[in-house]
Structures are given as C-alpha cells and as structure tokens.
Amino acid sequence: MKIQIVPMEHRHLSQVAALEELCFSRPWSEALLARELEREATEYRVAKSEEDIVLGYAGFYSVLDEGCITNVAVRPEARRQGIGASLMEALTAAAQERKLAFLTLEVRAGNKEAIGLYQSCGFQLAGRRKHYYEQPTEDALLMTLAFSYGDTEA
C-alpha cells in the first residue's frame, strides 16, 4: 500500500473525526480538531492513500521546548503496515525542526502494540499515571524521547 504523510488540513477533518470515533473511547470532535489545527503550537500529520483516504493521523503540541504527542491513530484494517511508524517519524522530524528538547506521550498500559511502536521509535518509559484513562479505567505509561543537538551554548 502506497501512503503519503502530509500536514493535516481542514479538508481532512471529517475523516480524522471518523477515525477518532473508530479508535478511541473518548474521541475528539471535528470542532475540537479544527481548533487544534489553528493553534500555532501544534503539528498534525495525516497518512493518506492514493485515493485521498485518511488511514491514520498523529499530532503534538509544544510549550517552549517541550512537546506532547496528543493522539496517534491508524485505521484498524491499515495497522501493521508501517503507517504508525511513518507518522511518528514525521512528528519526530517536526519536533526537531522546532528544536524541542523532548517529546512525551501517554499510552494505555495494556496497549502492547502501541508501546512496541513507541519503543521502536526511541521512546523510553518515564513513569506511570494511575487510573489515567476511562472507559475502561486503566493506567497510562508516560514515555519520552529526548533530542540532542550538541553544544549550542555560547
């Protein structure tokens, strides 16, 4: 399957909102996604097919030199084809372009596939948030990827 990773645009919002409904117990609405897209502190990417179908999306927001990945989602029928890894690679590149010190994310403790993906992208376990998720209640693992830019001090 040939995919293309592109910046998320307003024309993608209805498909991304549908993907949210499919993947998360507490999905973001199309209106919330639209507001996120307008913020300067955010970066969102979509993985789309040649037919312009959104197969996945991911994004982060930044505050000063810290980045927090908000959501990573891939259509169930498109999983295990490298789409998640490609989205994470695009986010990592965007974070480095912004000269962020690190990226963090939370993941359900029981989501072994996602944890494996994040570990393969260099993220390391940094902590646990008890009862972070609802529907069902579950702990979150906090994972972090630190960036090194060499000695940049004068």
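Data for the structure
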item: The range 9-26, subset over 18 Å from residue 77 (Cβ atoms) and in a loop (DSSP other than H, G, I, E, B), residue modelled with the highest pLDDT; result: 9
item: One residue from 61, 44, 57 being part of a strand (DSSP E or B), more than 15 Å from residue 84 (Cα to Cα) and either modelled with pLDDT under 95 or in contact with a helix residue (DSSP H, G or I) (Cβ under 8 Å, 6 or more places away or on another chain) (or both); result: 61
item: Residues (of a type in the set (S, T, N, Q) and farther than 15 Å from residue 58 by Cβ) located in the range 1-15; result: 14
item: Odd one out for residue 102, checked against (1) out of contact with any Ser or Thr (no Cβ under 6 Å at 6 or more places or on another chain); (2) within 30 Å of residue 148 (Cα to Cα); result: (1)
item: Flag if residue 6 is in a strand (DSSP E or B) and of a type in the set (Val, Ile, Thr); result: yes
item: Criterion (of a type in the set (A, V, I, L, M, F, W, C), in contact with a Ser or Thr (Cβ under 7 Å, 6 or more places away or on another chain) and more than 26 Å from residue 149 (Cα to Cα)) met by exactly one of 114, 47, 109; result: 47
item: Cross-chain or 6+ apart pairs with Cβ under 8 Å, the range 1-26 first and more than 13 Å from residue 46 (Cα to Cα), then part of a helix (DSSP H, G or I); result: 1/78; 22/76; 23/76
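Per-residue answers, yes or no, for (1) closer than 23 Å to residue 79 by Cα; (2) modelled with pLDDT under 95; (3) in a strand (DSSP E or B); (4) under 15 Å from the mean Cα position of the chain (by Cα):
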| position | (1), (2), (3), (4) |
| --- | --- |
| 100 | no, no, no, no |
| 106 | yes, no, yes, yes |
| 117 | yes, no, no, yes |
| 128 | no, no, yes, no |
| 136 | yes, yes, no, no |
| 143 | yes, no, yes, yes |
| 150 | no, yes, no, no |
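The values are calculated or read from the model by the stated rules, or taken from the named source; none is laboratory data. Bear in mind the structure is a predicted one, so any value in this text is a computation, not a measurement. Note: ideal-geometry Cβ built from the backbone for every residue, glycine included; neighbour counts use all protein chains shown.
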